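Undergrad: Supplied in structure tokens, the structure appears directly below.
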Amino acid sequence: MAILQVLAEGERRVGDLVAELGTSQPNISGHLACLKDCGLVLDRPQGRAVYYSLAAPALFDVLRSAETLLSSVGDDIELCPNYPTRARRAEVRSLEREMLTHDD
């Protein structure tokens, strides 16, 4: 989200993002590759530099709204019996395997 927030201010090179976010170049490059693959970020080569920008100007606003919404209802989603947590799914699978082994 931090990369998208910086890109919402305008296009940046990897080195610019490293300096602004205080993280490593491989970390930024990996995240940019993922964001580009997902269609959230565009790249624009210019000489030896590559500039990155948001694919759609409103993208960051949409993501920020989603983040705000999830922060207010996330616990309700986590506790919803229709959408079991990863731990609950693992528990159910374990019980299913146990039942199958006792049927033999």
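The values are calculated or read from the model by the stated rules, or taken from the named source; none is laboratory data. Since we're looking at a predicted model, the values are computed, not measured. Glycine also receives a Cβ, built like all others from the backbone with ideal geometry; neighbour counts cover every protein chain displayed.
Undergrad: Could you look through the range 67-104, keep only residues that are over 30 Å from Asp16 (Cα atoms) and among the acidic types (Asp, Glu), and pick out the one that is modelled with the lowest pLDDT?
TA: My answer is Asp104.
Undergrad: Just to be sure before I move on: is Arg64 basic (Lys, Arg), surrounded by 11 or more Cβ atoms within 10 Å (Cβ to Cβ) and modelled with pLDDT under 75 in the structure I sent? Full working, then the answer.
TA: On the way: basic (Lys, Arg): yes; surrounded by 11 or more Cβ atoms within 10 Å (Cβ to Cβ): yes; modelled with pLDDT under 75: no.
Considered against the rule, which asks whether it is basic (Lys, Arg), surrounded by 11 or more Cβ atoms within 10 Å (Cβ to Cβ) and modelled with pLDDT under 75, Arg64 comes out as no.
Undergrad: Is there any pair with a first residue in the range 15-31 that is surrounded by 12 or more Cβ atoms within 10 Å (Cβ to Cβ) and a second that is of a type in the set (D, E, K, R) whose Cβ atoms are under 8 Å apart and which are 6 or more apart or on different chains, and what are they?
TA: Listed by first residue and then by second, the contacts come to Glu20/Arg12.
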